[in-house]
1. Which of the residues spanning the stretch B:231-246 are part of a loop (DSSP other than H, G, I, E, B), within 14 Å of chain A (Cβ to nearest Cβ), of a type outside the set (V, I, T) and crowded, with 19+ Cβ neighbours inside 10 Å?
2. Among B:L88, B:L68, which is modelled with pLDDT of 95 or more, in a strand (DSSP E or B) and within 18 Å of B:E7 (Cα to Cα)?
3. Among the residues in the stretch B:28-44, are any without any contact (Cβ under 8 Å) to a residue 60 or more places away in the chain, of a type in the set (G, A, S) and assigned to a strand (DSSP E or B)?
4. Find the residue count for the stretch B:123-151, including only residues that are more than 10 Å from chain A (Cβ to nearest Cβ), buried (at least 16 other Cβ atoms within 10 Å of the Cβ) and in contact with a Cys (Cβ under 8 Å, 6 or more places away or on another chain).
5. Condition first: among the hydrophobic types (A, V, I, L, M, F, W, C), part of a strand (DSSP E or B) and within 18 Å of B:F207 (Cβ to Cβ). Now tell me which residues in the stretch B:118-166 satisfy that.
6. Could you please find all residues in the stretch B:36-71 being under 14 Å from the mean Cα position of the chain (by Cα) and away from every other protein chain (no Cβ under 14 Å)?
7. Taking the conditions exactly as written (within 14 Å of chain A (Cβ to nearest Cβ) and either under 26 Å from A:S9 (Cβ atoms) or surrounded by fewer than 21 Cβ atoms within 10 Å (Cβ to Cβ) (or both)), does B:G176 satisfy them or not?
8. Name the pairs whose Cβ atoms lie under 8 Å apart, with the first residue in chain A and at the interface with chain B (Cβ under 7 Å from one of its Cβ atoms) and farther than 18 Å from B:T131 by Cβ, the second charged (D, E, K, R) and in a strand (DSSP E or B), and 6 or more positions between them or separate chains?
Amino acid sequence: ARHQTNITSYFCPR
Amino acid sequence: MLEARLEQAELLKKVVDAIKDLVQDCNFDCNDSGVALQAMDNSHVALVSMMLKSEAFSPFRCDRNIALGINLSSLTKVLRCAQNNDILTVKAEDAPDVVNLMFESSDSDRLSEYDIKLMDIDQEHLGIPETEYAATVTMPSPEFQRICRDLSALSESVSIECTKEGVKFACNGDIGSGAVTLRSHSDVENPDQNIKIDLTEPVALTFSLKYLSNFCKASGLAKSVNICLSNEVPLLVEYGLAANSYLRFYLAPKIGD
């Protein structure tokens, strides 16, 4: 099944 | 100090209504360019990014950077005390403990004033890279809302596939499957109904319908919505507001098979 990724794996903390 | 006056309280009421189920406590970052907000949901799956440019207010004054840490359920309680057509003025000192909201009726002499206690919110700010999306779909916001609602009845996830043929929203669940396909459509009489698909390369991604349906609570803010996709990056759902302002939602995709 597909799993939900996190937004933090795409956008880095500034 | 901050002093920002909105002609209609309705704008802020609708913005807060649209995001309050996704994010609870957030900083409203005020500076001379306007009021910005960035917040992730608790599960770190979605990100809300709002910008109300100073031009959206009249007048707008903010001498230095002020972060107003506000609990959105408290803000909702106070904004319910405003009529849609009330003039709304937001005021805060430079290092404030409270934010002051004033509602003025445009056609009576009523003046209401509320203070909301501020919170210290240690919020992680994420850098959102400038992205040239492979596909941008512009469609009526109620239509997008209906597709999300309809497909939610069948499944938790939707695949969004953009090709030069059009955009296909498809889902697969226990009771069966469903799909809605839209093609570019231009209606001169009714431009609100236009569907525009800008495509540089085909895209196919899967997303949680629970989050998309949540984003659709912003449908009352704009007649059309931009849905921007590129393979392997978060989806952007954007509602344009007056004066170059916007409410944007980013959603991380579901991956794997």
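1. Correct list: B:P234 only.
2. Exactly one residue qualifies, and that residue is B:L88.
3. yes
4. 11
5. Listed by number, the residues that qualify are B:A135, B:V137, B:M139, B:V158, B:I160, B:C162.
6. Of everything in the stretch B:36-71, those that are under 14 Å from the mean Cα position of the chain (by Cα) and away from every other protein chain (no Cβ under 14 Å) turn out to be B:L37, B:M50, B:M51, B:L52.
7. no
8. Qualifying pairs under 8 Å: A:R2/B:K254; A:H3/B:K254; A:Q4/B:K254.
The values are calculated or read from the model by the stated rules, or taken from the named source; none is laboratory data. The shown structure was predicted, so the numbers you read here are calculated from the model rather than taken from an experiment. Every residue, glycine among them, receives a Cβ derived from its backbone with ideal geometry; neighbour counts consider all protein chains shown.
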